[in-house]
Amino acid sequence: QVQLVESGGGLVQPGGSLRLSCAASGIRFSIATMAWYRQAPEKQRELVATIRSDSVTNYADSVKGRFTISRDNAKNTVYLQMNGLKPEDTAVYYCNAQYLWQNYWGQGTQVTVSS
């Protein structure tokens, strides 16, 4: 059974930082492509960042230079370091695993950027 469990969300002031974590189980993590998506109220889910098994990364233009995705294969965990947060970053953030032609999702963690 595949499980993706996110943590690290919360309320932060504009300009602040948060680090999201996603712990994976039930997959061979080292060969999975991992990603973070987000969904703001009344908007479609959008891709934030991806990291391949070879650690090549890709980012949405809106977060380039502010967010960093990384992975620790020994811990089966993917991270999203978010700096310089803006109110428009407010959303539910979802962890995604692409593994053996299947897509798996976590339950999401809320990030709210507000003063």
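Data for the structure
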| quantity | calculated |
| --- | --- |
| Residue list for segment 69-109, restricted to those being among the aromatic types (Phe, Trp, Tyr) and surrounded by fewer than 16 Cβ atoms within 10 Å (Cβ to Cβ) | TRP101, TRP105 |
| Some residue of segment 10-29 being surrounded by fewer than 13 Cβ atoms within 10 Å (Cβ to Cβ), touching a Ser or Thr at 6+ places or on another chain (Cβ under 8 Å) and farther than 17 Å from GLY108 by Cβ | yes |
| Some residue of segment 45-68 being within 11 Å of the chain's Cα centre (by Cα), open to solvent by 40 Å² or more (accessible area, probe 1.4 Å) and among the aliphatic types (A, V, I, L, M) | yes |
| Residue list for segment 70-115, filter: of a type in the set (Gly, Ala, Ser), farther than 13 Å from ALA24 by Cβ, in contact (Cβ under 8 Å) with a residue 60 or more places away in the chain and out of contact with any helix residue (DSSP H, G or I) (no Cβ under 9 Å at 6 or more places or on another chain) | GLY84, GLY108 |
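The values are calculated or read from the model by the stated rules, or taken from the named source; none is laboratory data. In this text, all values refer to a predicted model and were calculated from it rather than measured experimentally. Reconstructed Cβ throughout: ideal geometry from the backbone, glycine too, with neighbour counts over all protein chains shown. Remember, those area values only see protein heavy atoms, side chains included, never the ligands or the DNA or RNA. Shrake-Rupley method; radii C 1.70, N 1.55, O 1.52, S 1.80 Å.
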